[in-house]
1. Out of everything in the range 13-54 that is more than 16 Å from the chain's Cα centre (by Cα) and hydroxyl-bearing (Ser, Thr, Tyr), what residue ends up being farthest from residue 77 (Cα to Cα)?
2. Hey, any hits in the range 44-66 for a residue that's modelled with pLDDT of 85 or more and among the β-branched types (Val, Ile, Thr)?
3. What tally of residues in the range 109-125 results from selecting those that are over 20 Å from the mean Cα position of the chain (by Cα) and modelled with pLDDT of 85 or more?
4. Can you pull out the residues in the range 78-106 that are at pLDDT 90 or above and in a helix (DSSP H, G or I)?
5. Find all pairs meeting these conditions: Cβ atoms under 8 angstrom apart; at least six residues apart or on different chains; first residue within the range 11-29 and within 17 Å of residue 83 (Cα to Cα) and surrounded by 12 or more Cβ atoms within 10 Å (Cβ to Cβ); second residue at pLDDT 80 or above and charged (D, E, K, R).
6. Scan the range 93-102 and tell me whether some residue there is of a type in the set (Ser, Thr, Tyr) and in contact with a Gly (Cβ under 8 Å, 6 or more places away or on another chain).
7. Does the range 110-130 contain at least one residue that is surrounded by 10 or more Cβ atoms within 10 Å (Cβ to Cβ), on the phi > 0 side of the Ramachandran plot and of a type outside the set (Lys, Arg)?
Amino acid sequence: MGPVEFLVLAFPGEQVGADVVTPLVALQRTGGVRVIDTLAVTKAADGSVRAAELSEFEHLKDLVAGGDPVNLMGEEDAAEAAELLEPGSSALLVLIEHVWATEVAEAFRGAGGRVAASVRIPPEHIDEAHRALANAS
């Protein structure tokens with residue numbers, strides 16, 4: 001198995017749209033990732049929180065059809081994600097396996113290796129570093 005990552009993708013508005021889910025489904029179809037589990041979390045304008053499987057949304061159920069639901073994420077995950085949200089916004093919680101890295105991960109494990117650290121660098125930090133280098137020249 002490749003590395004597994006838990007993501008909380010936050011969006012304005014109280015609904016996760018198909019425009020967000022479609023690229024994720026496409027990436028899974030190409031074999032880059034395997035979506036292990038998903039959960040949609042909405043924080044209404046009044047602060048109330050709702051969590052649901054993507055298949056429960058009429059506008060998304062055809063996109064996520066097929067496969068057996070795993071349901072590894074639950075109320076505790078939804079509550080933690082909701083703390084990150086502003087009222088009137090939503091989040092897509094995604095547990096994905098990076099299939100593209102499976103062979104490398106298996107080689108590391110076979111050699112007795114382990115991941116000693118993993119840091120996700122936001123794209124805007126990379127852009128900022130590029131600008132700083134360009135300005136320094």
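1. 30
2. Filtering the range 44-66 for residues modelled with pLDDT of 85 or more gives 44-52.
Now drop any that are not among the β-branched types (Val, Ile, Thr), which leaves 49.
Among the residues of the range 44-66, at least one is modelled with pLDDT of 85 or more and among the β-branched types (Val, Ile, Thr), which makes the answer yes.
3. 5
4. Listed by number, the residues that qualify are 78, 79, 80, 81, 82, 83.
5. Within 8 Å, the pairs are 14/43.
6. Looking only at the range 93-102, we keep the residues that are of a type in the set (Ser, Thr, Tyr), and these are 102.
Still in the running and in contact with a Gly (Cβ under 8 Å, 6 or more places away or on another chain): 102.
For the range 93-102, residues of a type in the set (Ser, Thr, Tyr) and in contact with a Gly (Cβ under 8 Å, 6 or more places away or on another chain): present.
7. no
The values are calculated or read from the model by the stated rules, or taken from the named source; none is laboratory data. Computed from a predicted model, the values in this text were never measured in an experiment. Backbone-built Cβ (ideal geometry, glycine too); neighbour counts: all protein chains shown.
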